[in-house]
Amino acid sequence: MPAGTVITRFAPSPTGELHLGNARTALFNFLLARSRGGRFVLRIEDTDAQRTQEPLLEALCADLSWLGLRWDEGPGQDGPRAPYRQSQRSGLYGPYFERLEREGLAYPCYCSDVELDLARRAQLTAGRPPRYAGSCRELSLAERAAREAQGRRATLRFRMPGGRRIEFEDLVHGAQSFASDDIGDFVIRRTDGSAAFLFSNALDDALMGVTHVLRGADHLSNTPSQLLLLEAVDLPAPRYGHVSLLTGPDGAPLSKRHGAASLRGLAAAGYASAAVCNYLYRVGHSTPQQSLLSLEQMAAGFDPAHLQRANAHFDAAQLRHWQSEWVHGLSVEQAHAWLAPLLPAGITAAQAEAFIAAVLPNVVLAEDVREWRAVVFEETLSFEEPALRAASAAGVEFFAAAAGALPDSVPGESGAAARATLAALERATGRRGAAFFVPLRAALTGRLHGPQLAPLLAAMPVERVRGRLLRFAQAA
Ligand code: GLU
Ligand code: ZN
C-alpha cells in the first residue's frame, strides 16, 4: 500500500443497535488507520431522516466506544472534515449536481414508481436483468417542460457512459471488471431534492479525503457506479475493499436467533469488549497470533490482504474462547473488580481472594460465579442427582474418616494449607485418585465437576466443610 496519510472511515446508517457484522467493519477500518498511522473517521449516514433518531446515534457512538474504537474525527470529535452527519452535508452537494446537469452527465427523470416498476417487470419477464430503461434519457427541453407543466417531479439520474469497462483492484477481492452497459442510469437526487445513497456516500468519501474504504461485500456492485460518478466530477476515489459478510452458522444473515445479533446483547450477557474485538479480528482475517491481543497489537498485525473472500460464519464457541482467554488473563485485582458486584456482602478481603482464586479458572462469564458463590457461601447445598449418588455410594466410614482428619481451625485460607488438609484426608480415608476425589467433591459441592478441590477448600469455612462431610457420615 502506498505511503501517505491513510484516512479510513466507518459510515453506518444509525438504524438500530450496532450488529456484529457492522462492528467488524468498524474494527477493520479502525485497525487499518491505526496500522498506517492514519486517521479513522466516523460519518453518520443519516439521510434516511424518518428512521434516524438522536437516541440511535447516541447508542451507536456508545457501542463503538465500548469496543474501544475511538474515532479521530466524527460526532463529538470535531476536525477538518466536519460536518460528520450526512444530514448536515447536503449543502455541499449542490455544485456537483449542477455541474453534472450542465455537462449533460446527469438528467431529470420523470418516471413514476409505477412506470419504473412496470418496466422492471417487463425486463424480468424477458429474462433480462432489470435496470433503468432510459425513458427520460433523451427528452428534449420541450418534453421536459411539458412534464414539469403536468406537475411531475423529477429525480436526477447519472448518465452511464456507454461501452466503458470499469476496472479496479479491490483490497480484498483483487482485480474487478464491470461493463458500464450492464449498469443502468442511477438516481443521484431524489424527487425531494435529497441526495441518493450512491451519490452522497461517494461524494462524502471524496470530499473528506478518505483514502481507503472497507465495507460490506453487499456494496461491491455499487463501486463501479461510484467510481464513474467520482470521475465525472473530477474527485479522487478511495480504494475500496469489500469485506465478506458475517452470517449465522447456517449461512443466513446474522440475526437475533443466532444469539449474537447486537453488541448490546453480548455486553449484557457479560462479554468483555476485548473478547469481542479479539473474536471479530479473527473472523475472516487470518493471523498467526493465537493469544489475546490489544487493539494496538491487532493494528500491528492487520492487513487487508489477509481478509478472506468467503463469507464468515459466526461461531459462538470461538467468541466464548476469547472471553475465556480474557478472563484468564486478568490479574487478581482486575478479577476482583470485575466480579465485585457478584461477591456476597460482608466477606473479608482474604475470603474474596480465596474464592476468586478457586473459581476463576471455571468462569467465562461473570454470571458463572453465581453457582459457585452459592456452593461456597450458602449453608444449604443443592445436589445434582449423580453427585448425590456418588457421595452416598462412598459409604459412611469414608466421610467419618475424612471429617475426623479435618483441622479444628480454618486452614488459613491459603492454598498450601488446603493442599495439606487434602493430603491428610486422603491418608485418613485410605483412598486415592478418583475413589477419593469424586465422593469428596460430590459431598462438598453437590456436583461432579467444578473448580479444583484444594483452592475450594481454602475458600470454604472449615465448619461448613465438616458439616457437609458429616452429612454423609451417618447411615441413612
Ligand atoms: N451507510 C452504508 C451502510 O451502512 C455505508 C456503506 C459504505 O460503507 O460505503 O451500509
Ligand atoms: Zn425516467
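Values in this text are rule-based calculations from the coordinates and carry no lab data. Since the structure is predicted, the reported quantities are computational estimates derived from the model, not experimental observations. Here Cβ is always computed from backbone atoms with ideal geometry, including for glycine, and neighbour counts include all displayed protein chains.
Among Ala335, Ala350, Ala316, which residue has its Cα furthest toward the positive end of the charge dipole of the range 305-424, with +1 on Lys/Arg Cβ and -1 on Asp/Glu Cβ?
The listed residue farthest towards the positive side: Ala316.
Putting +1 on Lys and Arg Cβ atoms and -1 on Asp and Glu Cβ atoms, find which of Leu64, Gln53, Asn29 reaches farthest to the positive end of the dipole of the range 28-72.
Asn29
May I ask you to list the chymotrypsin sites (Phe, Trp or Tyr not before Pro) in the range 375-476 that are in a DSSP loop and have at most 14 other Cβ atoms within 10 Å of their Cβ? List each step's numbers first, then the result.
On the way: sites: Phe377, Phe383, Phe398, Phe399, Phe436, Phe437, Phe472; in loops: Phe383, Phe472.
Answer in residue order: no site qualifies.
Looking only at Cβ-Cβ distances, which cysteines of the chain have no other cysteine closer than 4.7 Å?
Cys61, Cys111, Cys277
Give the angle, between 0 and 90 degrees and rounded to the nearest 10, that separates the Cα long axis of helix 20-35 from the longest principal axis of the Cα atoms of the chain.
80
Given the Cα-Cα distance of Glu101 and Ala126 and 0.36 nm per residue of separation, how much length would full extension add, in nm?
Working: separation 25, 0.36 × 25 = 9.00 nm, distance 3.22 nm.
Going from the current span to full extension adds 5.8 nm.
Using the count of nearby Cβ atoms within 10 Å as a rough guide to exposure, how do Thr8, Thr47, Thr15 rank from fewest to most? Intermediate results must be reported in sequence, preceding the final value.
Values: Thr8 26, Thr47 20, Thr15 13.
Placing the least packed residue first, the sequence is Thr15, Thr47, Thr8.
Using only Cα atoms, locate the centre of the range 30-78 and the centre of the range 384-450, then give the distance between them in Å, rounded to an integer.
55
Taking only Cα atoms of the chain, what ratio of Rg to Rh do you get with Rh as the Kirkwood inverse-distance radius?
Numbers: Rg = 31.9 Å, Rh = 27.0 Å.
Ratio of gyration radius to Kirkwood radius for the chain: 1.18.
Please list, by residue number, every one of the GluC sites (Glu not before Pro) in the range 78-133 that is coil in DSSP and has at most 15 other beta-carbon atoms within 10 Å. Please list the in-between numbers first.
Details: sites: Glu98, Glu101, Glu103, Glu115; in loops: Glu103.
Answer by residue number: Glu103.
How many nm is it between the label spots at Asp182 and Ser135, if each spot is 7 Å from the Cα in line with the beta carbon?
2.6
What number, in nm² with one decimal, is the all-direction average of the projected area of the convex hull of the alpha-carbon atoms of the range 310-360? Each step should come with its number before you reach the end.
On the way: hull surface 18.1 nm².
The number I arrive at for the range 310-360 is 4.5 nm².
With each label point set 7 Å from Cα along the Cα-Cβ vector, what nm distance links Asp48 and Ala349?
5.4
Dividing the Cα radius of gyration by the Kirkwood radius, what Rg/Rh value follows for the range 1-159? Mind dumping the intermediate values first?
Numbers: Rg = 20.8 Å, Rh = 19.1 Å.
When Rh is taken as the Kirkwood radius, the ratio is 1.09.
Please report the net charge: other residues with Cβ closer than 15 Å to the Cβ of Trp66, K and R +1, D and E -1.
On the way: positive: Arg24, Arg70, Arg264; negative: Glu17, Glu58, Asp63.
So the environment of Trp66 carries a net charge of 0.
How large is the dipole of the range 354-395 about the Cα centre if only Lys and Arg carry +1 and Asp and Glu carry -1, each at its Cβ, rounded to the nearest 20 debye? Don't skip to the end; give the middle numbers.
On the way: 3 positive and 7 negative charges, 24 e Å.
The calculated dipole for the range 354-395 is roughly 120 debye.
Which is farthest toward the positive dipole end of the range 201-265 among His258, His219, Leu203, measuring Cα position about the Cα centre, with Cβ charges +1 (Lys, Arg) and -1 (Asp, Glu)?
His258
Report the calculated FRET efficiency for Leu92 and Thr15 (r = Cβ-Cβ distance, R0 = 22 Å), to the nearest 0.05.
Values: r = 23 Å, r/R0 = 1.05.
Step by step, r from the Cβ atoms, then E = 0.45.
Treating the angle as unsigned and between 0 and 90°, give the value, to the nearest 10°, between the Cα long axis of helix 433-445 and the longest Cα principal axis of the chain.
The answer is roughly 80 degrees.
Between Ser392 and Ala267, what FRET efficiency comes out of the Förster formula 1/(1 + (r/R0)^6) with R0 = 30 Å and r the beta carbon distance, rounded to 0.05?
Working: r = 43 Å, r/R0 = 1.43.
The calculated FRET efficiency here is 0.10.
Using Cβ contacts closer than 10 Å as the measure, can you line up Thr287, Thr5 from fewest to most? Show your work: numbers first, answer last.
On the way: Thr287 14, Thr5 11.
In increasing order of surrounding Cβ atoms, one gets Thr5, Thr287.
Taking other Cβ within 10 Å of each residue's Cβ, how do Val332, Val276 sort, fewest first?
Result, fewest neighbours first: Val332, Val276.
Once you charge only the Cβ atoms, +1 for Lys and Arg and -1 for Asp and Glu, what is the size of the charge dipole of the chain about its Cα centre, to the nearest 20 debye?
On the way: 49 positive and 50 negative charges, 121 e Å.
Here the chain has a charge dipole of around 580 debye.
With +1 on each Lys and Arg Cβ and -1 on each Asp and Glu Cβ, how big is the dipole of the range 398-470 about its Cα centre, in debye rounded to the nearest 20? Intermediate results must be reported in sequence, preceding the final value.
On the way: 9 positive and 4 negative charges, 53 e Å.
Once rounded to the nearest 20, the dipole reads 260 debye.
Would you pull out the residues with amide H under 5 Å of Tyr93's amide H, same chain only if 5 or more places away, H placed 1.01 Å from N?
Long-range HN contacts for Tyr93: none found.
Run the simple label-point estimate for His328 and Glu167 please: 7 Å along Cα→C-beta, distance reported in nm.
About 5.1 nm, to one decimal.
Quick one: if the Förster radius is 51 Å, what FRET efficiency do Arg471 and Ala300 give, using the C-beta to C-beta distance and rounding to 0.05? Let's see the in-between values first.
Details: r = 56 Å, r/R0 = 1.10.
The value I calculate is 0.35.
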